[in-house]
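The values are calculated or read from the model by the stated rules, or taken from the named source; none is laboratory data. No experiment lies behind these values; they were computed from the predicted model shown. In this analysis, Cβ positions are derived from the backbone assuming ideal geometry, glycine residues included, and neighbour counts consider all displayed protein chains. Just so you know, the surface numbers come from the protein's heavy atoms only, side chains and all, with ligands and any DNA or RNA stripped out. Shrake-Rupley method; radii C 1.70, N 1.55, O 1.52, S 1.80 Å.
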Amino acid sequence: MSKYLDSIIAGFGGQGVMLIGNLLAYAGMNAGLNVTYIPVYGPEMRGGTANCTVVLSEEEIGSPIIRSPHGLIMMNRPSLEKFQPVLMDGGVQIVNSSLIDKELVDTDRIKSYLVPANDIADKIGNTRMANMVALGAFIKATGIMDIKAVIDSLPNVISAHYTHLIPKNAEALQAGADAIA
(Lines give C-alpha, C1' and ligand atoms only; values in the text may rest on other atoms or scores of the structure.)
Protein backbone atom coordinates (compact mmCIF):
# COMPACT_ATOMS: atom_id res chain seq x y z
CA MET A 1 0.00 0.00 0.00
CA SER A 2 1.33 3.42 -0.89
CA LYS A 3 1.94 6.17 1.64
CA TYR A 4 -0.89 8.65 2.13
CA LEU A 5 -1.67 11.13 4.91
CA ASP A 6 -4.02 14.07 4.92
CA SER A 7 -3.95 16.29 7.95
CA ILE A 8 -5.18 19.48 9.53
CA ILE A 9 -2.93 21.55 11.78
CA ALA A 10 -4.72 24.17 13.88
CA GLY A 11 -4.18 26.65 16.70
CA PHE A 12 -4.13 30.33 17.57
CA GLY A 13 -2.47 32.75 15.17
CA GLY A 14 1.09 33.19 16.41
CA GLN A 15 1.54 29.54 17.46
CA GLY A 16 3.43 28.73 14.26
CA VAL A 17 0.73 26.55 12.73
CA MET A 18 1.46 27.75 9.18
CA LEU A 19 5.20 27.32 9.69
CA ILE A 20 4.92 23.65 10.65
CA GLY A 21 2.39 23.00 7.89
CA ASN A 22 4.82 24.50 5.42
CA LEU A 23 7.68 22.49 6.94
CA LEU A 24 5.65 19.27 6.69
CA ALA A 25 4.94 20.02 3.03
CA TYR A 26 8.60 20.74 2.23
CA ALA A 27 9.72 17.62 4.07
CA GLY A 28 7.21 15.60 2.06
CA MET A 29 8.50 17.05 -1.20
CA ASN A 30 12.10 16.44 -0.17
CA ALA A 31 11.13 12.84 0.69
CA GLY A 32 9.77 12.36 -2.84
CA LEU A 33 6.06 12.58 -1.98
CA ASN A 34 3.37 14.55 -3.79
CA VAL A 35 2.14 17.40 -1.60
CA THR A 36 -0.62 19.96 -1.22
CA TYR A 37 -0.61 22.73 1.39
CA ILE A 38 -3.47 25.16 2.00
CA PRO A 39 -3.27 27.83 4.73
CA VAL A 40 -6.50 29.18 6.27
CA TYR A 41 -6.46 32.31 8.41
CA GLY A 42 -9.17 33.53 10.77
CA PRO A 43 -10.27 37.18 10.89
CA GLU A 44 -7.30 38.12 13.07
CA MET A 45 -3.81 36.80 12.51
CA ARG A 46 -2.09 36.74 15.90
CA GLY A 47 -4.51 35.51 18.53
CA GLY A 48 -7.21 34.49 16.05
CA THR A 49 -7.63 30.97 14.79
CA ALA A 50 -5.42 29.60 12.06
CA ASN A 51 -5.25 26.22 10.38
CA CYS A 52 -3.79 24.58 7.36
CA THR A 53 -4.25 21.35 5.49
CA VAL A 54 -1.40 19.22 4.25
CA VAL A 55 -1.78 16.16 2.05
CA LEU A 56 1.20 13.83 1.50
CA SER A 57 1.00 10.94 -0.95
CA GLU A 58 3.10 8.65 -3.09
CA GLU A 59 0.25 8.74 -5.64
CA GLU A 60 -1.16 11.79 -7.40
CA ILE A 61 -3.39 13.88 -5.14
CA GLY A 62 -6.91 14.22 -6.53
CA SER A 63 -7.98 17.11 -4.30
CA PRO A 64 -6.44 19.21 -1.53
CA ILE A 65 -9.85 19.46 0.20
CA ILE A 66 -10.11 17.37 3.36
CA ARG A 67 -13.48 16.47 4.89
CA SER A 68 -12.44 13.74 7.31
CA PRO A 69 -8.67 13.88 7.88
CA HIS A 70 -6.41 11.00 8.83
CA GLY A 71 -4.37 13.20 11.16
CA LEU A 72 -4.63 16.32 13.34
CA ILE A 73 -2.24 18.52 15.27
CA MET A 74 -4.29 20.52 17.78
CA MET A 75 -2.47 23.35 19.49
CA ASN A 76 -5.43 24.85 21.43
CA ARG A 77 -8.90 24.06 22.74
CA PRO A 78 -10.99 25.89 20.08
CA SER A 79 -9.16 23.93 17.39
CA LEU A 80 -9.76 20.64 19.18
CA GLU A 81 -13.45 21.42 19.54
CA LYS A 82 -13.74 22.26 15.85
CA PHE A 83 -11.68 19.49 14.24
CA GLN A 84 -11.64 16.47 16.58
CA PRO A 85 -15.23 15.48 15.63
CA VAL A 86 -14.33 15.23 11.92
CA LEU A 87 -11.15 13.16 12.38
CA MET A 88 -11.71 9.78 10.76
CA ASP A 89 -12.21 6.77 13.02
CA GLY A 90 -8.80 5.35 13.87
CA GLY A 91 -7.11 8.62 12.87
CA VAL A 92 -4.13 10.06 14.74
CA GLN A 93 -4.12 13.33 16.62
CA ILE A 94 -1.46 15.17 18.55
CA VAL A 95 -2.98 17.28 21.32
CA ASN A 96 -1.00 20.05 23.00
CA SER A 97 -1.82 18.98 26.56
CA SER A 98 -0.09 22.10 27.91
CA LEU A 99 -3.13 24.08 26.75
CA ILE A 100 -5.90 21.47 26.32
CA ASP A 101 -7.57 19.56 29.17
CA LYS A 102 -7.19 15.80 28.72
CA GLU A 103 -10.88 15.30 29.59
CA LEU A 104 -11.80 16.91 26.24
CA VAL A 105 -9.73 14.45 24.20
CA ASP A 106 -11.39 11.50 22.45
CA THR A 107 -9.28 8.44 23.22
CA ASP A 108 -11.84 5.81 22.22
CA ARG A 109 -12.56 6.48 18.54
CA ILE A 110 -9.16 7.85 17.58
CA LYS A 111 -5.48 7.48 18.47
CA SER A 112 -4.82 10.53 20.61
CA TYR A 113 -1.38 11.46 21.86
CA LEU A 114 -1.28 14.05 24.61
CA VAL A 115 1.99 15.92 24.27
CA PRO A 116 2.81 18.83 26.62
CA ALA A 117 4.32 20.77 23.72
CA ASN A 118 4.64 24.11 25.52
CA ASP A 119 6.24 22.48 28.57
CA ILE A 120 8.73 20.54 26.43
CA ALA A 121 9.55 23.70 24.47
CA ASP A 122 10.08 25.59 27.75
CA LYS A 123 12.66 22.98 28.80
CA ILE A 124 14.45 23.46 25.47
CA GLY A 125 14.52 27.18 26.18
CA ASN A 126 11.86 28.70 23.91
CA THR A 127 8.08 28.28 24.37
CA ARG A 128 7.56 29.42 20.77
CA MET A 129 8.98 26.08 19.62
CA ALA A 130 5.94 24.20 20.91
CA ASN A 131 4.84 23.92 17.29
CA MET A 132 8.02 22.04 16.37
CA VAL A 133 7.55 19.71 19.35
CA ALA A 134 4.01 18.92 18.17
CA LEU A 135 5.17 18.31 14.60
CA GLY A 136 7.95 15.98 15.77
CA ALA A 137 5.38 14.00 17.76
CA PHE A 138 3.08 13.87 14.72
CA ILE A 139 5.85 12.56 12.45
CA LYS A 140 6.66 9.79 14.94
CA ALA A 141 3.01 8.91 15.64
CA THR A 142 2.03 8.68 11.96
CA GLY A 143 5.27 7.18 10.62
CA ILE A 144 4.76 9.09 7.36
CA MET A 145 8.50 9.80 7.12
CA ASP A 146 11.65 9.81 9.18
CA ILE A 147 12.14 12.76 11.54
CA LYS A 148 15.49 13.37 9.82
CA ALA A 149 13.65 14.34 6.61
CA VAL A 150 11.81 17.05 8.55
CA ILE A 151 14.93 18.30 10.31
CA ASP A 152 16.80 18.42 6.99
CA SER A 153 13.97 20.54 5.55
CA LEU A 154 14.24 23.29 8.18
CA PRO A 155 16.39 25.53 5.92
CA ASN A 156 13.50 25.53 3.42
CA VAL A 157 11.19 27.35 5.86
CA ILE A 158 13.44 29.22 8.31
CA SER A 159 14.33 32.61 6.85
CA ALA A 160 17.98 33.51 6.32
CA HIS A 161 17.81 35.97 9.24
CA TYR A 162 16.98 33.15 11.65
CA THR A 163 19.24 30.30 10.54
CA HIS A 164 20.86 30.42 13.98
CA LEU A 165 17.57 28.97 15.31
CA ILE A 166 17.72 25.84 13.13
CA PRO A 167 19.59 23.74 15.73
CA LYS A 168 17.04 24.59 18.45
CA ASN A 169 14.15 23.83 16.07
CA ALA A 170 15.79 20.51 15.24
CA GLU A 171 16.10 19.79 18.97
CA ALA A 172 12.40 20.61 19.46
CA LEU A 173 11.37 18.31 16.57
CA GLN A 174 13.43 15.47 18.05
CA ALA A 175 12.03 16.11 21.54
CA GLY A 176 8.51 15.84 20.15
CA ALA A 177 9.34 12.57 18.41
CA ASP A 178 10.90 11.28 21.63
CA ALA A 179 7.70 12.15 23.54
CA ILE A 180 5.83 9.42 21.62
CA ALA A 181 6.41 6.00 23.18
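Odds and ends about this structure:
- Residue in segment 30-48 that is surrounded by 15 or more Cβ atoms within 10 Å (Cβ to Cβ), touching a helix residue (DSSP H, G or I) at 6+ places or on another chain (Cβ under 7 Å), under 14 Å from VAL17 (Cα atoms) and among the aromatic types (Phe, Trp, Tyr) present: yes
- Screening LEU5 with (1) assigned to a strand (DSSP E or B); (2) over 13 Å from the mean Cα position of the chain (by Cα) gives one miss only, at (2).
- Residue satisfying condition, being buried (at least 17 other Cβ atoms within 10 Å of the Cβ), within 17 Å of GLY62 (Cα to Cα) and of a type in the set (A, V, I, L, M), within set LEU19, LEU23, LEU5: LEU5
- Within the option set THR53, THR36, being in contact with an Asp or Glu (Cβ under 8 Å, 6 or more places away or on another chain) and in a strand (DSSP E or B) holds for one residue only, THR53.
- Any chance GLU59 is over 19 Å from THR142 (Cα atoms) and either open to solvent by 20 Å² or more (accessible area, probe 1.4 Å) or at pLDDT 95 or above (or both): no
- Within segment 64-76, the set of residues being at pLDDT 95 or above and more than 17 Å from LEU135 (Cα to Cα) comprises just one member, SER68.
- Residue-level analysis places VAL115 among those that are on the phi < 0 side of the Ramachandran plot, modelled with pLDDT of 95 or more, in contact with a helix residue (DSSP H, G or I) (Cβ under 7 Å, 6 or more places away or on another chain) and not polar (S, T, N, Q).
- Residue selected from segment 77-111 under the condition farther than 13 Å from ILE8 by Cβ and among the polar types (S, T, N, Q), by the criterion modelled with the lowest pLDDT: THR107
- Selection status of GLU44, modelled with pLDDT of 95 or more and part of a loop (DSSP other than H, G, I, E, B): no
- Unmet criterion (only one of (1) open to solvent by less than 40 Å² (accessible area, probe 1.4 Å); (2) part of a helix (DSSP H, G or I); (3) touching a residue at least 24 places away in the same chain (Cβ under 8 Å)) for ILE166: (3)
- ASN131 open to solvent by 20 Å² or more (accessible area, probe 1.4 Å), closer than 16 Å to ASN169 by Cα and in contact with a Leu (Cβ under 8 Å, 6 or more places away or on another chain): no
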